[in-house]
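First comes the structure, then the notes that go with it.
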Amino acid sequence: MKYLVMIQGTQADYEAMRGKGSPGAPAWSEKELKAMFSFMQSVNDDLAESGELVDGQGLAEPAQTRCVTAGPDGRPVITDGPYGETKELLAGYWVLDCESLERVTEIAARVAQCPTPEGTTQYPVVIRPILDGGGDVC
């Protein structure tokens, strides 16, 4: 079965990785960035070796995001950012093909152990099964 494994973040988290810290998002040092990238590369390498990795990507910061909705007249309304009512957003993901929910949960638990600077807000790693096209959506 395929699963979407998602990690979350905020604009402040992206800025912290560039050295501009704020409450809940302390500035990252070069050593901390290297440790995080090394950890994620290790996860990716292990998943590729096991054959479970279908795809995985980090996503650009919210400042580079656009949200398109239909206005009252049906014309598109385009705004900056993913959503006005939330700060957290999808920061990266993996599509994994795993034998069970238990296995993908083990992987998510490993991802949750990614090193971050002390004081960094911890977000959940979210797992969503991907429907195979024959499943019910509603």
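Read-outs throughout are calculated quantities, based only on the coordinates presented, and are distinct from any laboratory measurement. Model, not experiment: these values are computed from the prediction. A quick note on method: Cβ atoms are made from the backbone with ideal geometry, for glycine too, and the neighbour counts reach across all protein chains shown.
Summary table
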{"read-out": "Placed amide H near CYS114: partners under 5 Å, 5+ positions off or other chain", "value": "none"}
{"read-out": "Cα-based convex hull volume of segment 40-107 per residue, rounded to whole Å³", "value": "139 Å³"}
{"read-out": "Qualifying lysines (Cα of each under 22 Å from Cα of LYS20; at least 8 residues distant if same chain)", "value": "LYS31, LYS34, LYS87"}
{"read-out": "Contour minus Cα-Cα distance for GLU102 and VAL126 (0.36 nm per residue)", "value": "7.3 nm"}
{"read-out": "Relative contact order of the chain, defined on C-alpha pairs under 8 angstrom at six or more residues apart (%)", "value": "42 percent"}
{"read-out": "Separation of the LYS2 and ASP73 label points, Cα + 7 Å toward Cβ, nm", "value": "4.0 nm"}
{"read-out": "Full-extension gain in nm, ALA60 to ASP45, via 0.36 nm per residue minus C-alpha separation", "value": "3.2 nm"}
